[in-house]
Amino acid sequence: MRGGRDSRDIGIDLGTANTLVYMRGHGIVLNEPSVVAVKAGSTTALAVGTEAKETIGRTPGSITAIRPLRDGVISDYEAAEEMLRHFVRKAVPGRRPRTRMVVCVPSGVTPVERRAIVHAATRAGARAVHLIEEPMAAAIGAGLPVSDARGSMVVDIGGGTTEVAVISLGGIVTAQSLRVGGDRMDTAITDYVRKEHKLLIGERTAEDIKVAIGSAWPVPEDPAMEMRAFTIRGRQKVGGLPMSLDLTTSEVRAALEEPVEAIIAAVRATLEECPPELSGDIMEYGIVLTGGGALLPGLDLRIAAATGIPVHVADNPLDCVAIGSGKCVEDFDNLQKLLKAG
């Protein structure tokens, strides 16, 4: 994968919530929601990415907003292909010799799901497709010494999946791929508001609540957070009239209990399967959190309390997977052993 500064080689973090594109020599050149708006009864995309996300929950009957990836894998093949083609064109404008791509995939994908991703990338214009497992890409992007004879543990919490892995000598020693992530947290908030307050809210409102006052544990550095409330507007479950109410931080934490506990259970299960020598390394160097879920206040403290191991949030958690795929693009000869053939 040699090429100069004009090389069109790219790394793609094809995420359930957002897609990031890293272009060789340029860094991350695109970061947009993984959403496609299509006309009912057709496969023609009317809008893709940021423009399409604005339509979620607000579209007329003739337009549907589709998220082509669910739980980290392609659920709508034609929409995913259209979205990928649009993003590649936008990220790599002008003349585009068929591009070489490094695409990130969850560690738990099946061979069929893997082939679907390769096929979509090829149809979107890839000359060659190489796959890298998301926890490996996240670890590289977070700056962990993945090639050393030292155990490194990464927990990558994305929109659709949580990837927990112990890495040593350039390979994944043990891993858990859990179909729980930011989307499941949004659903948990929606369900809580419906059950406890008889109010119906959309997924965008649930995400706004999570970002504004969501937490997994009381945060010592921000005691005022416990006093915060968030005003939400929705539709009454009975009667159907618009209504607003104030949701508190403690209520949102209670709503998030189930997905947070599922993530902690996956971390524990991975630690239990870890060889003793590597366990010692993890005790010494700690666990690194990446992905959008790493930004949930108090999650690091909650995992540390549950495992007795120090937990650190990566410097740039949202971009770690994309940066990891980009480092493979930049230094393909040395990092090729970490990739899977497409």
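The values are calculated or read from the model by the stated rules, or taken from the named source; none is laboratory data. Since the structure is predicted, the reported quantities are computational estimates derived from the model, not experimental observations. Neighbour counts are summed over all protein chains in view; Cβ atoms, including those assigned to glycine, are modelled from backbone coordinates with ideal geometry. To get the accessible areas, we keep the full protein, side chains included, count just its heavy atoms, and leave off ligands, DNA and RNA. Shrake-Rupley method; radii C 1.70, N 1.55, O 1.52, S 1.80 Å.
Could you check, for the stretch 16-27, whether at least one of its residues is without any contact (Cβ under 8 Å) to a residue 24 or more places away in the chain and either charged (D, E, K, R) or crowded, with 22+ Cβ neighbours inside 10 Å (or both)? Steps first, please.
So the first thing to find is which residues in the stretch 16-27 are without any contact (Cβ under 8 Å) to a residue 24 or more places away in the chain, and the list is 26.
Next, only the ones that are either charged (D, E, K, R) or crowded, with 22+ Cβ neighbours inside 10 Å (or both) stay: none.
No: zero hits.
Count of the stretch 292-321 residues, restricted to those that are crowded, with 16+ Cβ neighbours inside 10 Å, more than 19 Å from G182 (Cβ to Cβ) and in contact with a strand residue (DSSP E or B) (Cβ under 7 Å, 6 or more places away or on another chain), is 2. Of the residues making up the stretch 271-291, those that are open to solvent by 50 Å² or more (accessible area, probe 1.4 Å) and farther than 22 Å from G108 by Cα number 5. Taking the stated definitions as given, is R58 buried (at least 20 other Cβ atoms within 10 Å of the Cβ), of a type in the set (K, R) and within 30 Å of L200 (Cα to Cα)? When the stated conditions are applied, R58 does not pass them. Elements of the type strands (runs of 3 or more DSSP E) sitting completely within the stretch 17-60 and holding at least 1 residues that are within 18 Å of the chain's Cα centre (by Cα) and among the polar types (S, T, N, Q): these cover 18-23, 27-33.
Table: residues versus (1) part of a helix (DSSP H, G or I); (2) of a type in the set (D, E); (3) touching a Gly at 6+ places or on another chain (Cβ under 9 Å).
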| position | (1), (2), (3) |
| --- | --- |
| I264 | yes, no, no |
| C274 | no, no, yes |
| A294 | yes, no, no |
| A305 | yes, no, no |
| H312 | no, no, yes |
| C320 | yes, no, yes |
| C328 | yes, no, yes |
| Q336 | yes, no, no |
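All conditions but one from (1) assigned to a helix (DSSP H, G or I); (2) touching a Ser or Thr at 6+ places or on another chain (Cβ under 8 Å); (3) open to solvent by less than 40 Å² (accessible area, probe 1.4 Å) apply to R268; the one that does not is (3). Could you go through the stretch 83-103 and let me know if any residue there is touching a Leu at 6+ places or on another chain (Cβ under 8 Å) and of a type in the set (S, T, Y). No; the residues of the stretch 83-103 include none that is touching a Leu at 6+ places or on another chain (Cβ under 8 Å) and of a type in the set (S, T, Y).
Scanning the stretch 1-50 for residues that are modelled with pLDDT of 90 or more and of a type in the set (D, E, K, R) yields D13, R24, E32.
Show me the strands (runs of 3 or more DSSP E) entirely contained within the stretch 135-251 in which 2 or more residues are open to solvent by 10 Å² or more (accessible area, probe 1.4 Å). Step through it out loud before you land on a result.
Working: elements: 152-157, 162-168, 171-178, 229-236, 242-248.
Those strands (runs of 3 or more DSSP E) span 171-178, 229-236, 242-248.
For first residues located in the stretch 260-285 and under 19 Å from D156 (Cβ atoms), partners that are assigned to a helix (DSSP H, G or I) and among the polar types (S, T, N, Q) and lie 6+ apart or on another chain with Cβ distances below 8 Å form the pairs I264/T307; V267/T307; R268/T307; L271/S279; L271/T307.
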